[in-house]
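First the structure, in the form of structure tokens, and then the observations on it.
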Amino acid sequence: MPGPLVVNDSVVIPDAELVWRFSRSSGPGGQGVNTTDSRVELSFDVAASTALPPHLKARALDRLGAGTITIAASEYRSQLRNREAAAHRLAQRLREAIAPPPKRRRPTKPSRATVERRIAAKKHRADLKRLRRDP
């Protein structure tokens with residue numbers, strides 16, 4: 001599990017910039033729950049990172065609102081699986097934070113035929129309801 005965290009094709013976070021912490025996890029685990037440090041916290045300081053280009057770092061800081069991301073994982077009984085889950089969630093969060101903004105929607109008007117079809121459907125519906133009424 002140790003090694004660089006691959007966010008996407010162009011961004012790879014070196015292991016030296018990731019801070020791992022381990023603690024005892026609550027939940028299932030039988031007798032081992034009191035002895036193994038299976039809960040994982042993964043922290044990454046976006047503001048101090050050298051792995052992100054300046055424009056991506058600015059975008060990530062703007063979207064995340066904080067300089068440090070901390071991910072906690074304790075859903076598995078195994079520390080290794082929790083490490084994998086935390087790394088996967090951090091990579092996903094960073095991918096969303098550095099993604100380019102969506103294209104602006106270009107406002108359009110409905111075509112005349114579309115408007116006419118909509119109004120004809122409304123008239124048809126109104127006629128059906130009118131025919132159901134008692135005279």
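What does the extension gain come out to for Asp9 and His88, with contour length at 0.36 nm per residue minus their alpha carbon separation? Walk me through the numbers before you get to the answer.
Numbers: separation 79, 0.36 × 79 = 28.44 nm, distance 1.50 nm.
Between Asp9 and His88, full extension yields an extra 26.9 nm.
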Pairwise label distance in nanometres, Arg81 with Val115, each label 7 Å out on the Cα-Cβ vector: 6.0
The chain, accessible surface, carbon-and-sulfur percent (1.4 angstrom probe): 53
Among (1) 19, 17, 15; (2) 22, 21, 13; (3) 52, 27, 11, the entry that matches semi-axes √(5λ) of the Cα gyration tensor in Å as calculated here: (3)
Neighbour-limited loop hits for trypsin sites (Lys or Arg not before Pro), segment 53-123 (at most 15 other Cβ within 10 Å; DSSP other than H, G, I, E, B): Lys103, Arg104, Arg105
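The values are calculated or read from the model by the stated rules, or taken from the named source; none is laboratory data. Values in this document were obtained by computation on a predicted structure and should not be read as measured data. Methodologically, a virtual Cβ is constructed for each residue, glycine included, from the backbone with ideal geometry; neighbour enumeration extends over all protein chains shown. We work out accessible area using only protein heavy atoms, side chains counted, and drop any ligands, DNA or RNA first. Shrake-Rupley method; radii C 1.70, N 1.55, O 1.52, S 1.80 Å.
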